[in-house]
Amino acid sequence: MSIKKTTPTCITIFGGSGDLTKRKLIPALYNLWLDKWINEKFLVICTGRNEMSNTDFIKTLKEGVDQFSRRGKADTKEWEKFSSYIQYKVADFTKEPFYNELKTLIQKFETDASGTVVNKIYYMAVPPQFFEPIARLLAKKEFNTDKENARLVIEKPFGTNLESAKELNNCLLSVFDECQLYRIDHYLGKETVQNLLAFRFANALFEPVWNRNFINHIQITVAEEIGVEDRGNYYEGSGALRDMIQNHLLQLVCLIAMEPPVSFEADEIRNRKVDVLHAIRKISKDTVHDFSVRGQYGPGEIDGKKVPGYRGEKNVAPDSGTETFAALKLYIDNWRWNGVPIYLRSGKRLHDTFSSITIEFKPVPHQPFPEEASETWQPNLMVMNLQPDMGIRLRFQAKKPGLQMQLNPVDMLFDYSDTYASTGTPEGYETLLLDVMEGDATLFMRADQVEAAWKIITPVLENWLSTDPASFPNYAAGTWGPQAADTLLTKDGNNWIIMPFKKNNHA
Ligand code: BG6
């Protein structure tokens, strides 16, 4: 496929000296540039409060690329060329004067681009309290007027509850048009997450069984071995439900459960996704316990090393009630999914790090085999491994070789690292940044999607905030979370399924 370069682009990163810029944004832009997606007319203005020379700033960015880029250490010559596009501006972006300076820089860039269309991207990689002031100042100084080419990117968290998300939407929509807003959920940029659309809608094979007639239940696990690291301040006000379930996991539910779109237009895909969120059965206040489980890790062991409990982490209250694990059971009340439970769980300091979606199919209507033949029978499973190993495993029954009829579960595997060994998979941020430059909002959250997702978790959130989690900590670091998360499934006759994604891994 030939590469279509983006139009000339000027990106302003608010929070340019922050962690996200160093770890994700600059490595992503550098890789896009190496892969020749980026126009030669390109400027990245990084704003930050830290006093630093441009040279020192570029040096810290290079360290970030060396450490975090999927390609590893930056090539000195290529980095020199790429970094010449970056300018660091020490600025107080809550005050007007900076915006005058910014205007001059961007206007000069536009003049140098000699009359061609220029994308102007304003990326808010800042804590959420700055979203509103920046958006308003951008509007006041008329950075919002080019509806086609001026775009505002908003990082998470998008609100802390339904009300604050609505307020933020109202504010942003009073100064920018929806088509100019790019609310990022970095999960949607992941290769395997995008592949869910290809898998479901480019194959005729799976659609006939993708419904309540054939599927017993669906489970989604996003497990992390890492703890809260140095993000205690943020995480204390967030917790697993808001940090992971409200956004990443509910977006995965949308992709797994949505109806086939008519086209690949951004709004068509987003309409089909929001339909799913609207169809999710509301959890009533008095049934929160039946549909949700929260947990917090205590001290334990990860990879043989002792690690502290959450309450012992930096910037975490010694009696913190914040959950580091959340599990939910959802139902989608529509024709396709009626009665099929969808289990979600996500947690920190769990036994392993992986994200996967598992579909358990219903048993065959009738087993003609003698009882001893089917002793090892297991239901058909499809496991979509999103990360770190990427691939899809289909588990089905086969006859075990031998003189007797004996059934045995076996696996068919699609492993990205075998099939696409030579190509190098782009990071989520590469995909998403390129999409912003191309004006493609398909993988970004629309205002109504964000609000619909908040509505789903609101009863659980309110219940958890108003009741004391007396049993915290209720799982040891390095385990699979609280016991109650297992019961959430076993009371329906189901279990969490953990299958390492290894080749020839027959049961
Ligand atoms: C972020 C959360 O959105 O996603 C983090 O704030 C989490 O707590 C991270 O660790 C997981 O993303 P990834 O891409 O590392 O799986």
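Between the alpha-carbon centres of segment 157-184 and segment 25-93 there is a gap of 28 Å.
Binned at 10 Å from 0, what are the whole-percent values of the Cα-Cα distance distribution for the chain, short to long? Spelled out bin by bin, the chain gives 4, 17, 27, 26, 17, 7, 2, 1, 0 percent.
Among the DSSP helices (H) of the chain, those spanning at least 18 angstrom by Cα along their long axis with an average Kyte-Doolittle hydropathy of -1.0 or more are 54-68, 96-112, 162-175, 266-279, 447-466; this is a geometric and hydropathy rule only. Computed about the Cα centre, the dipole magnitude for segment 90-185 is approximately 80 debye when only Lys and Arg (+1) and Asp and Glu (-1) carry charge, each at its Cβ. Remark on Ile280: its backbone amide H falls under 5 Å from those of Asp333, a criterion applied only to residues 5 or more positions apart or on other chains, H modelled at 1.01 Å from N. Residues whose amide H comes within less than 5 Å of that of Asn216, counting only those at least five positions distant or on another chain, are Glu360, Phe361, Lys362 (H built at 1.01 Å from N in the peptide plane).
Ranking Ala398, Ala477, Ala453 by how far each Cα lies toward the positive end of the dipole of segment 390-507 (charges on Cβ) leaves Ala398 at the top.
Excluding the site residues themselves, the longest part of the chain lacking any chymotrypsin sites (Phe, Trp or Tyr not before Pro) in a DSSP loop with at most 12 other Cβ atoms within 10 Å is 1-263.
Using alpha-carbon positions, what is the distance between the centroids of segment 389-458 and segment 342-363, in Å? For segment 389-458 versus segment 342-363, the Cα centre distance is 13 Å.
Charge dipole (Cα centre; +1 on Lys/Arg Cβ, -1 on Asp/Glu Cβ; no other charges) of the chain amounts to roughly 300 debye. Projecting each Cα onto the charge dipole of segment 344-453 (Lys/Arg +1, Asp/Glu -1 at the beta carbon, about the Cα centre), which of Tyr429, Leu443, Met412 comes out farthest on the positive side? Comparing the listed Cα positions along the dipole, Met412 ranks first. Entry comment: accessible area of the chain is 45 Å² per residue, from protein heavy atoms only and a probe of 1.4 Å. Ordering Thr322, Gly298, Pro365 by Cα displacement along the dipole of segment 263-366 toward the positive end leaves Gly298 in first place; charges were set at the Cβ atoms of Lys, Arg (+1) and Asp, Glu (-1).
As a ratio to 2.2 N^0.38 Å, the alpha-carbon radius of gyration computed for segment 16-99 takes the value 1.08.
Assuming charge only on the beta carbon of Lys and Arg (+1) and of Asp and Glu (-1), the dipole of segment 1-82 about its Cα centre is about 300 debye to the nearest 20. Let me have the relative contact order for the chain, percent, based on Cα pairs under 8 Å that are six or more residues apart. 17 percent. Of the GluC sites (Glu not before Pro) found in segment 136-196, the ones in coil according to DSSP and having at most 14 other Cβ atoms within 10 Å of their Cβ are Glu142, Glu148. Between amide H atoms placed 1.01 Å from N, distances below 5 Å from Tyr122 occur with Thr12, Arg151, Leu152, Val153, all of them 5 or more places distant or on a separate chain. A DSSP coil position with no more than 10 other Cβ atoms inside 10 Å describes the following trypsin sites (Lys or Arg not before Pro) in segment 1-110: Lys4, Lys36, Lys95. Loop-resident GluC sites (Glu not before Pro) (DSSP state other than H, G, I, E or B) in segment 227-269 with no more than 13 further Cβ atoms inside 10 Å of their Cβ: Glu229, Glu265.
In segment 218-268, the convex hull through the Cα atoms has an average projected area of 5.2 nm², a quarter of its surface area. DSSP finds beta bridges in the chain, and of those with both partners inside it, around 55 percent are antiparallel.
Structure note, pairs Lys5/Lys81; Lys285/Lys455; Lys24/Lys314; Lys22/Lys305; Lys41/Lys120; Lys41/Lys103: Cα-Cα distances above 20 angstrom occur for Lys24/Lys314; Lys22/Lys305. As a fraction of the 1.4 Å probe accessible area of the chain, surface on carbon and sulfur atoms comes out at 52 percent.
The values are calculated or read from the model by the stated rules, or taken from the named source; none is laboratory data. Just so we're clear, the structure is a prediction, and the values are computed from it rather than from any experiment. Virtual Cβ from ideal backbone geometry, glycine too; neighbours counted across all protein chains shown. What goes into the accessible areas is simple: the full protein's heavy atoms, side chains included, and nothing from ligands, DNA or RNA. Shrake-Rupley method; radii C 1.70, N 1.55, O 1.52, S 1.80 Å.
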